[in-house]
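Asks: One structure follows; several queries about it will come next.
Where a number appears in this text, it was derived from the coordinates with a stated rule and is not lab data. Keep in mind the model is a prediction, meaning the values are calculated, not measured. Here the Cβ positions follow ideal geometry from the backbone for every residue, glycine too, while neighbour counts run over all protein chains shown.
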Amino acid sequence: MSVAITAYGVACKACVGTQGTSGFGGIINVLVWVLAASCIIVLRPLETHAAKQKAVRKEVSTKSIQSNSAPTRRPVGSPTRNALLRQPVQPPFDPSDKWERVVIKSRPGDNFGAMLTRLNVPQGERSLWERSIRRDIGTRPIPAGKEIHFYFAKTIFSARTGPGQLKAIEVDDSEALALSWERGIRGILFQRRERPFDVEVKTVGGVVDASFFEDGRKAGLQPALLSQLADIFTWDIDLEKEVRRGDTFKILYEQRSRRGQESKPLLRILAAELVNAGHKMTAIYFEKEKGQGNYYNEEGRSLARSFLRFPLEFSAITSHFTESRFHPILKTNLPHTGVDFAAQRGTPVRAVGDGIIVEAGWNGGYGKAIDLKHDATYMSRYAHLDRFADGIQPGVAVSKGQIIGYVGSTGRSTGPHLHFELYKDQQYVNPLSVDFPADESIEPGLQRLFESQMRTYLVELGSVPQS
Ligand SMILES: [Zn+2]
């Protein structure tokens, strides 16, 4: 299979949230100023990553304590691209050319007052900021080595006049939260907000030559995307067994990462098209409510069922079989009720549907096992587990896809695998042959929104080269 990962050469105009200004004038100003202030780190992010990004948006959902003035929004890319990046863009601060950013790493036992002193902020101003910060977060010490971002008004720098007025301070409080203070007309405003994600929208496409999974991985398709694709089309096609030579696929996906965590981005397929033996399947990601997304076909019918087809991520399964009747330990033929999925020890096991844990403990030959009751009709069992996930015990409610345990080899088992059973009205059924009805469709009220989003995604998919 040959896979082409495409990227767009659009300049990274949207990625302006915290980057201050560009150009040599700004750099020289800051350098001069830094020499005057001494021992300060200045970061001038270069936009070298722009060339390989298709488009970037800053996405912030604010949980403001006091609202900020509306930041300016800069136009990005083509009209289609703008529609794609439809979510509101809100950089932490007005990224106008009037501000310079200075980044300081805190020393052991450091506090904001000491930093402001090192930055030569005049006494009167310094106590104003200190009072504000104390009021908002108390006097807790700053851990050593933390990056604090200071934003100053740009002025004509000289040793005599020193830095411009301090306009804002920003610090990451945790992986997800940032704290910021900004000088406004009515004093210094404090915000605690979610840290913005950099979101890149990318495409990938290819033609299957041999096996979808092996060739896909060789070609650089991330396992997370392969797993998502298998899950999306799980009820329509077995990507391992049914995809044939000459079949084609196109994927549009987004990659989110937070500053400082670029190495572990979150990936999500936005749209996918699979042509299997001339039959085209399409999946469109759509959120009926914010954060509540699902995949639909072009007619707006959900591709998901109320149950997942596999309790393991598809790419983690090394083999699955249902016919193993000769028991390797008991050396006898036993009716085997269940599907065995070979996978590495420690592979996360997912609840196949919403339900209540009825058993989580040692269960004879099953070893460490979980029984999950979904409703009056269906029950599922997960056996030979290495351990349970945190908080998994009888009486606990879990949701579809939630990790409930990890693959092991406890009980009568010869090697790490998951033994999975599904019961309907207390009768064992083969989970691989049960088909559940589609669980929902797009309501008439959302049809137009869905269709316009679908058109945008399909245009993007249409631009993916297929070679
Ligand atoms: Zn088994």
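Asks: Just grab the label-to-label distance for residue 289 and residue 153, each label 7 Å out from Cα along the Cβ direction, in nm (one decimal).
Replies: 4.6 nm
Asks: Kindly put 99, 181 in sequence by how many other C-beta atoms sit within 10 Å of each C-beta, fewest to most.
Replies: Ranking 99, 181 by Cβ neighbours within 10 Å, fewest first, gives 99, 181.
Asks: As a footprinting exposure proxy, order 406, 296 by other Cβ within 10 Å, with the fewest listed first.
Replies: Fewest to most other Cβ atoms nearby, the residues stand as 406, 296.
Asks: Mind listing the Cα extents of the stretch 351-467 along all three principal axes, in Å, largest one first?
Replies: 55, 39, 30
Asks: Here is the link list: 368/424; 105/264; 280/373; 146/202; 98/264. Which ones come out longer than 27 Å on Cα distance?
Replies: Among 368/424; 105/264; 280/373; 146/202; 98/264, the Cα-Cα distance tops 27 Å for 280/373; 146/202; 98/264.
Asks: Sort out for me the Cα centre separation of the stretch 211-274 from the stretch 395-455, rounded to whole Å.
Replies: So the separation of the two Cα centres works out to 19 Å.
Asks: Shifting gears a bit: So how do 256, 345, 309 line up by other beta-carbon neighbours within 10 Å, fewest first?
Replies: 345, 256, 309
Asks: Roughly what would the spin-label model give for residue 262 and residue 438, points 7 Å off Cα along C-beta, in nm?
Replies: It works out to 4.1 nm between the two label points.
Asks: By how many nm would the segment from residue 354 to residue 103 lengthen if fully extended, with 0.36 nm per residue of separation less the alpha-carbon distance?
Replies: Result for the pair: 85.7 nm of gain on full extension.
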